[in-house]
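The next block holds one structure in the form of structure tokens; read it before the comments.
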Number of protein chains: 4
Amino acid sequence: MGRTGLWLVGARGSVATTAVCGLLGLRAGLVPPTGCVTELLDADLPPWDSLVVGGHDVVSTPLVKRAEQLARAGVVPAELLGPVSAGLREVQANLRDVPQGAQVEVAARLVADLASFRSRHDLERVVVVNVASTEPPVDPHPAHASAAALEKALAVGETVLPPSSLAAYAAFKAGCSFVDFTPSTGVALPALAELAAVVGVPYAGRDGKTGETLVRTVLAPMFTARALRVRSWAGTNLLGGGDGSTLEDPAHASSKLRTKASGLSALLGHPVTAPLHIDNVPELGEQKTAWDHVLFEGFLGARMTLQFTWTGLDSALAAPLVLDLARLLAAAHRAGRVGVQGELGFFFKDPLGSTEHGFAEQTRVLAEWAGEL
Amino acid sequence: MGRTGLWLVGARGSVATTAVCGLLGLRAGLVPPTGCVTELLDADLPPWDSLVVGGHDVVSTPLVKRAEQLARAGVVPAELLGPVSAGLREVQANLRDVPQGAQVEVAARLVADLASFRSRHDLERVVVVNVASTEPPVDPHPAHASAAALEKALAVGETVLPPSSLAAYAAFKAGCSFVDFTPSTGVALPALAELAAVVGVPYAGRDGKTGETLVRTVLAPMFTARALRVRSWAGTNLLGGGDGSTLEDPAHASSKLRTKASGLSALLGHPVTAPLHIDNVPELGEQKTAWDHVLFEGFLGARMTLQFTWTGLDSALAAPLVLDLARLLAAAHRAGRVGVQGELGFFFKDPLGSTEHGFAEQTRVLAEWAGEL
Amino acid sequence: MGRTGLWLVGARGSVATTAVCGLLGLRAGLVPPTGCVTELLDADLPPWDSLVVGGHDVVSTPLVKRAEQLARAGVVPAELLGPVSAGLREVQANLRDVPQGAQVEVAARLVADLASFRSRHDLERVVVVNVASTEPPVDPHPAHASAAALEKALAVGETVLPPSSLAAYAAFKAGCSFVDFTPSTGVALPALAELAAVVGVPYAGRDGKTGETLVRTVLAPMFTARALRVRSWAGTNLLGGGDGSTLEDPAHASSKLRTKASGLSALLGHPVTAPLHIDNVPELGEQKTAWDHVLFEGFLGARMTLQFTWTGLDSALAAPLVLDLARLLAAAHRAGRVGVQGELGFFFKDPLGSTEHGFAEQTRVLAEWAGEL
Amino acid sequence: MGRTGLWLVGARGSVATTAVCGLLGLRAGLVPPTGCVTELLDADLPPWDSLVVGGHDVVSTPLVKRAEQLARAGVVPAELLGPVSAGLREVQANLRDVPQGAQVEVAARLVADLASFRSRHDLERVVVVNVASTEPPVDPHPAHASAAALEKALAVGETVLPPSSLAAYAAFKAGCSFVDFTPSTGVALPALAELAAVVGVPYAGRDGKTGETLVRTVLAPMFTARALRVRSWAGTNLLGGGDGSTLEDPAHASSKLRTKASGLSALLGHPVTAPLHIDNVPELGEQKTAWDHVLFEGFLGARMTLQFTWTGLDSALAAPLVLDLARLLAAAHRAGRVGVQGELGFFFKDPLGSTEHGFAEQTRVLAEWAGEL
């Protein structure tokens, strides 16, 4: 296999910067691949040093400066900054501004950026991964229904797609596979699913499962396997960072809350009282703390509880999964897989192409799928 | 299938009394089978109303009185006491004192009690389940090494077995299957494994997985599947009830702590700092509270934590599993299964005959095994 | 001192019913005065058996039935139901429906009910305590500004007061002291303060401090005394019962959240990020669980956290304080105290007549005040 | 007031090094006095830049290296290392090895070191603060009973004092005041109390109250003030750092556990089931996590719980208190106070010279005492 491109939408964000720092550290043998799931898989995947990173972003803070900020926040080790600085500058040379204008023009420019990235670095293929800020949910539009309707609307200069979906559109038009790591609309429109099929590229999503939801999809199957009846499952998330301030806006939060909640009833097999909050606590920096309270009923109606508190660094949890997904989608693309890859539900809160939310089963399915690539 | 006997060793304890109250409630249609795992299995198992209960105990408190105590402790619903009182008296008629004397004589008497129970109620088979108080660990003895050595030692009047192992011995001699729901030595001696094979009966154990360890065997595989490195896993258990005061004695606690800890390193694939405590807090009554603190490392060395607090009623968690195991062992016996049934590791902290501790995998194995009976 | 009346507004609610059951149990010597603060004070207060209970409510469920419900919910011991049933029926004979009609007429009827209660039982004085459901915040109205404006608006048939304030108005008109144990508007209007002064009665409020806020007003002074800087203080409350469903309505919740938050900045001496939620989880029954997460900064900018989980039975916490307040207001009334009694801030989330929120200081002030009665 | 010496016993430990870095940062105006209680007091105390630091230690790691270790552990900000390095070297010039030999000779050498420090820097007085590792409890010895007996035993070459007590002895002989910030025996011997009185110097102790116990002494008075009956109070402490490994040894831990537990019953006014553990979890580094579970009873026997988890950096909590105590003891010495200063109980788990454990009351007493200096 030749070299593989990883194109990050939101390339200067915390997750993207952490992923790039980590990739450079892995290549230099300076950090172990902790948190990298692909290292556990028996599969033929692109090696770390075959990955070339580029991307788009709406901001233009230098990557080195972003890395320094993440070092102060405790996400990137301070001693890694020196060794990776040259590599960060190389990646930065591959970053492009998000173009402005009519959506049809923006899309053309995004496609051109991807094509140029691929040819400039002689890449066999490029995986586009959306790690940009969460968008508010989007209103339905007739142009979302089919590839034809979408092309037509764009052709007449209409603005019909949110940025995340435009990124997916451009990825497909450029012959790239696509991963949506956010709860934004992204690829989750019939028109885009159709386009991926036509172009013949695989895609996966959505909303990286990195913290509270990960634990939920592990614990909920425990209750069902033991025939214990969950009566309520409440959750509170405290988060700072960019994510916290984005989600302070209720419109943006609703995307996140919706995908967070979707799996719980599915896992339990019945509806459940499940209040869920996301609070912006800027003082927490990159740290995220979630508290969950589960009330469950056992034999003879016994009322019992399980509480957990998860304290994680979200970017440190997400970044290795972004690298994993780049490797996996590249291998899937090479193997001729087309359309939604539901077998990657392991990575997502809202697994496109799958109704399985249980983590253990997702783990089994992933290993099998990867082994067959 | 005709009727099946369930012979409880420790028949007047909290777990046994809760199991009996629950079984009577289930039969009368007064309580749902919450917590009964066998209700989820696609398997041919003895129905609830084919189970006849008897047992041994060293105390002689009337079952009705024990049920009243458990109602005050919030384990048995007060409104169930009336409807089950007749049934409790019937079960009580099947209870026998634990005999005294040389072990060979005690064993003969236990065998006779089992045979009499079987013939008196015209039972197809009897499953003996040990739910007596936890014993201290036992010193090795040459008589434990083989059935022949054991028989010989007993024959000359030696005392070589702890009570839990003598109960298993008697069960096998009486042609009964055996379940060890406690961390006591029980059936875990080569001599007894050999005896079970000779007699042709199945057995399973050990130490019911009802609380903290259940959660641990669900969470630990999450960390490994995500390539996150657990650095420490500390636990504290506060418990009242009989269990709390038994485990206050460090000798008894060591059995429990050993089986609790055994699975963690196996699940994580490496040793881990894992201090673990059991404290007797009589004021908690039947309630058990466990706090676990997990420190784990992610990408770029990020330090993160997961804490959980489990607050359960131990008897309410254990009792339905005791009933489940009675049904499952009866079916296994009928199906001709002989020796240790490692596929029942789902139920145990220290699964005899299996090295698998991961709960999801245990769940899968159980379903498959039960489906084949 | 002769007999003292305790008139409960919301007399069939959980708090009121628990208070009455407890008072009857105390009188009969069946329960200890756990949770009764007045038992710790060195003060001349009306003894338990001099209290006569009556009240208003909008519902008419028999008190005996309410007590049974609370026994099932684990608030009232089942064994107390028998001994207190006669007493509950006596109290019930003193309960009156809340009258309907123009506010001036309703007020007259409430005054008459109070007067009749006082004369019928030959009471020296009556303390009215509001324990009714939380109301939404009320819009300002010119009639709230002075006793004269209020009397005038009522006289012409206007509806200008929320029910809680009308209850306070009627109490004062009947010469009774008043306690607002809820976050409703109640007595917190200039017109009513003026009226209390004119009539010459004491009053106190507002919003009983029984759980999360109690702990907060104990912990916050610890941080300030140690010069540790609290950076954020997040809270989540899960509650069932009537309170939970009332507070599900955001309009009602806002009263509660406002009084909960008011003290935190005052205690810390600076504003703080402090998201706060109240969730209705009916499955919790009478139980209330709160989780708080405090991020604080120490020497050299060290970031540290304190989390707590409080699991309480709200009615069991509130009821003895209601009895305490009845005794204290009666004694204050007898001693000639008039107007707001800020020294009772110990009992309240939103202490009327005081800016002191620190619990230790409130405890000291209460003891001093009570000693002087 | 002229300059004041602060002589640290255990001068290269985490607490001492953090205190020194912080003092240098405070003087340079680079860090705010967060966590410094003396900044809140209205008292005439030595200013930060009048403090000169020296000390003894059994190890000889350079202070600059210790500061770098603490920066990696997240206790000292990395950006502070440069600005304080010159100051650290100055302090290091004042550090001395702990001498070896007969105790009488060691004491003489310690006294000489203190005297030399005082004269070399022209100090008005010196405060000796013990922040060395916790010692195991010491066996009683007749020489502990009086100053005369002690002097006699030392004179004949006997070894009768643990190192912490020898440090206190030397401090007094050199005319210095003494603070015991550890649970070691230190000054808590009649012979030493007598010596302090003879010499005319003040002292205080013992065992800095920085985490779990601080919270306990704040919460316990809440329960008593509300007449709620605490039924059990269990605690688990996870700690790394030097403290963790010292306390792994049960003999050392017993000192710590004893002082931790001593206040709880005193605060509650009755004995309580209170299991308490200290676990060494080296992976936690400088972080300390404590979990407490309080079971309490309210009105009508309601069972309720409060749990808390404290996650602190112990050195960051202790260091400013060490600086505070140096200022306070210096001022007390100047003001002619002699003997134990029980009014400093605010700072200690095991307050010498006081039976008051309640934090709010201790806060009040401290402010009053400091105001009178």
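The values are calculated or read from the model by the stated rules, or taken from the named source; none is laboratory data. Every value quoted in this text rests on a predicted model; they were computed, and no experiment measured them. Positions of Cβ are generated from backbone atoms using ideal geometry, with glycine treated the same way; all protein chains shown enter the neighbour counts. Only protein heavy atoms, including side chains, enter the accessible area calculation; ligands, DNA and RNA are left aside. Shrake-Rupley method; radii C 1.70, N 1.55, O 1.52, S 1.80 Å.
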Among the residues of the stretch C:271-290, is any under 23 Å from residue C:216 (Cβ atoms), part of a loop (DSSP other than H, G, I, E, B) and out of contact with any strand residue (DSSP E or B) (no Cβ under 6 Å at 6 or more places or on another chain)? yes
Number of the exception - residue B:49 against (1) more than 21 Å from residue B:286 (Cβ to Cβ); (2) within 14 Å of chain A (Cβ to nearest Cβ): (2)
Could you tell me whether any residue of the stretch D:195-208 is closer than 30 Å to residue D:309 by Cα, buried (at least 24 other Cβ atoms within 10 Å of the Cβ), touching a Leu at 6+ places or on another chain (Cβ under 7 Å) and aliphatic (A, V, I, L, M)? yes
Quick check, is residue A:367 more than 16 Å from the chain's Cα centre (by Cα), assigned by TED's automatic domain parsing to the domain that holds residue A:128, farther than 23 Å from residue A:210 by Cα and surrounded by fewer than 22 Cβ atoms within 10 Å (Cβ to Cβ)? no
Filter the stretch A:350-364 for residues that are crowded, with 19+ Cβ neighbours inside 10 Å and away from every other protein chain (no Cβ under 14 Å); the one that is farthest from the chain's Cα centre (by Cα) is A:354
For the structure I just gave you, tell me whether residue A:107 is part of a helix (DSSP H, G or I), without any contact (Cβ under 8 Å) to a residue 24 or more places away in the chain, among the small types (Gly, Ala, Ser) and more than 14 Å from every other protein chain (Cβ to nearest Cβ). no
Within the stretch D:296-305, is even one residue under 29 Å from residue D:182 (Cβ atoms), surrounded by 24 or more Cβ atoms within 10 Å (Cβ to Cβ) and in contact with a strand residue (DSSP E or B) (Cβ under 9 Å, 6 or more places away or on another chain)? no
Please give the number of the condition residue B:335 fails out of (1) more than 8 Å from chain A (Cβ to nearest Cβ); (2) open to solvent by less than 10 Å² (accessible area, probe 1.4 Å); (3) of a type in the set (A, V, I, L, M). (2)
A careful count of residues in the stretch D:289-326 that are β-branched (Val, Ile, Thr), within 8 Å of another protein chain (Cβ to nearest Cβ) and within 26 Å of the chain's Cα centre (by Cα) gives 3
From the option list D:214, D:219, D:123, D:195, single residue qualifying as out of contact with any Lys or Arg (no Cβ under 7 Å at 6 or more places or on another chain) and over 25 Å from residue D:236 (Cα atoms) is D:195
From the list C:174, C:188, C:197, C:149, pick out the single residue that is closer than 30 Å to residue C:258 by Cα and in contact with an Asp or Glu (Cβ under 9 Å, 6 or more places away or on another chain). C:188
Determine whether the stretch B:240-249 contains at least one residue that is surrounded by fewer than 24 Cβ atoms within 10 Å (Cβ to Cβ), modelled with pLDDT of 95 or more and within 14 Å of chain D (Cβ to nearest Cβ). no
Condition first: in contact (Cβ under 8 Å) with a residue 12 or more places away in the chain and either within 16 Å of residue B:53 (Cβ to Cβ) or not in a helix (DSSP H, G or I) (or both). Now tell me which residues in the stretch B:81-95 satisfy that. B:84, B:85, B:87, B:88, B:89, B:91, B:92, B:94, B:95
Just a yes or no: is a residue in the stretch B:92-113 at pLDDT 95 or above and on the phi > 0 side of the Ramachandran plot? no
Evaluate the stretch A:255-266: report whether one residue or more is over 30 Å from residue A:76 (Cα atoms) and modelled with pLDDT of 95 or more. no
So in the stretch C:200-224, with the set limited to residues that are of a type in the set (A, V, I, L, M, F, W, C) and within 18 Å of the chain's Cα centre (by Cα), which one is nearest to residue C:327 (Cα to Cα)? C:204
Which residues, counting only those in the stretch B:14-25, are open to solvent by less than 20 Å² (accessible area, probe 1.4 Å) and touching a helix residue (DSSP H, G or I) at 6+ places or on another chain (Cβ under 7 Å)? B:17, B:18, B:19, B:20, B:21, B:22, B:23, B:25
Give the residues of the stretch C:63-79 that are closer than 15 Å to residue D:301 by Cα, open to solvent by 10 Å² or more (accessible area, probe 1.4 Å) and outside any loop (DSSP other than H, G, I, E, B), sorted by residue number. C:71, C:72, C:78, C:79
State whether the residues of the stretch A:273-293 include one that is open to solvent by 10 Å² or more (accessible area, probe 1.4 Å), out of contact with any helix residue (DSSP H, G or I) (no Cβ under 8 Å at 6 or more places or on another chain), of a type in the set (Lys, Arg) and outside the structural domain of residue A:21 (by TED's automatic domain parsing). no
Identify, by number, the condition in (1) aliphatic (A, V, I, L, M); (2) open to solvent by less than 10 Å² (accessible area, probe 1.4 Å); (3) assigned to a helix (DSSP H, G or I) that residue C:127 doesn't meet. (3)
Answer yes or no: is there a residue in the stretch C:14-25 that is in the same structural domain as residue C:368 (by TED's automatic domain parsing) and in a loop (DSSP other than H, G, I, E, B). no
Looking at this structure, is residue B:324 closer than 19 Å to residue B:187 by Cβ, at pLDDT below 95 and not hydrophobic (A, V, I, L, M, F, W, C)? no
Could you go through the stretch C:137-150 and let me know if any residue there is in contact with a Ser or Thr (Cβ under 7 Å, 6 or more places away or on another chain), at pLDDT below 95 and not in a helix (DSSP H, G or I). yes
When you scan the stretch A:35-46, how many residues do you find that are closer than 18 Å to residue A:210 by Cβ and either more than 14 Å from every other protein chain (Cβ to nearest Cβ) or open to solvent by less than 20 Å² (accessible area, probe 1.4 Å) (or both)? 4
Going by the conditions given, is residue C:325 more than 30 Å from residue D:74 (Cα to Cα) and touching a Leu at 6+ places or on another chain (Cβ under 8 Å)? yes
I'd like the full set of residues that are more than 14 Å from chain A (Cβ to nearest Cβ) and open to solvent by 40 Å² or more (accessible area, probe 1.4 Å), limited to the stretch B:80-98. B:82, B:86, B:89, B:90, B:92, B:93, B:96, B:97, B:98
